[in-house]
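The values are calculated or read from the model by the stated rules, or taken from the named source; none is laboratory data. Keep in mind the model is a prediction, meaning the values are calculated, not measured. Here Cβ is always computed from backbone atoms with ideal geometry, including for glycine, and neighbour counts include all displayed protein chains.
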Amino acid sequence: MSRNQAITIDLDDTLWDCHPVIREAESKLWEWLKTNYPKILDNYTQEMATDLRKKVVKDYPKKSHDYKFLRRSVLRKIFLNSGYDQQFAEDAFDFFDMHRNNVTLYEGAIETLELLSTKFRVIALTNGNADLVKIGINHLFFDVIHAADFGYAKPDIKIFNEAIRRSGVNKKDIYHVGDHPVNDIVGAQKAGLRTIWMNPTGISWPGNSEEPDYTIKKITSLQDILMG
């Protein structure tokens, strides 16, 4: 395969299991708030903060894909409503973000990315807010596109077209790798990309939409598909 071919790849739940990371970051955040800003826990629980987040999403529908905006907005509100200066909410966000980026990549993910990056332009394409620099793998990517920065989230064709543009590669020569059937696979298909579905739990392909070109349970299988 030509070095000019590209791969777009999702991050959360494709290169690592995101759910336990977020749960742990949330738990540590509330422990930190209890220690440093105890009045917040007199007024809010985690469940109440979740309800407040839903209200923020409702109030700012065009920002629903910007998870940093949503979390910062919630934190500012709970700080203000608990009698603290809103500026301290940024410290809380930074604390959460540090733990949010404390991810454990799937077995073989680093080695796979190292190999693929020698042959392909690997572009991270994410609706989330993982920071590749903080995680320590930014050097393995040709580019990274965050939905929050770009203004559109997967499965919107605009974000896929932006990835195609940045790659400098014909879309027919690009694979998109991701775990979400709609956001990743259907979205990429509509943009004209070939698709690889990361499906570690082995569930059946949902719905009546076109199936992906390949389905994998382990990220290391990309080596067999793309380097074979």
### Task
State all residues of segment 82-104 that are outside any helix (DSSP H, G or I) and buried (at least 17 other Cβ atoms within 10 Å of the Cβ); if no residue qualifies, say none.
Y84, N101, V103
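Condition check ((1) of a type in the set (S, T, N, Q); (2) in a helix (DSSP H, G or I); (3) loosely packed, with under 13 Cβ neighbours inside 10 Å) across all residues:
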| position | (1), (2), (3) |
| --- | --- |
| I7 | no, no, no |
| A25 | no, yes, no |
| M48 | no, yes, yes |
| L52 | no, yes, no |
### Y37 vs. criteria among the hydroxyl-bearing types (S, T, Y) and touching a residue at least 60 places away in the same chain (Cβ under 8 Å)
no
### Query
Is there any pair with a first residue in segment 199-224 that is more than 17 Å from Q189 (Cβ to Cβ) and touching a residue at least 40 places away in the same chain (Cβ under 8 Å) and a second that is assigned to a loop (DSSP other than H, G, I, E, B) and aromatic (F, W, Y) whose Cβ atoms are under 6 Å apart and which are 6 or more apart or on different chains, and what are they?
I219/Y106
### Message
Take residues that are within 20 Å of R121 (Cα to Cα) and among the hydrophobic types (A, V, I, L, M, F, W, C) and tell me which of the helices (runs of 4 or more DSSP H) falling wholly in segment 154-228 contain 2 or more.
### Response
157-167, 221-227
### Message
Go through segment 115-161 and report how many residues are buried (at least 18 other Cβ atoms within 10 Å of the Cβ) and either among the basic types (K, R) or outside the structural domain of G187 (by TED's automatic domain parsing) (or both).
### Response
2
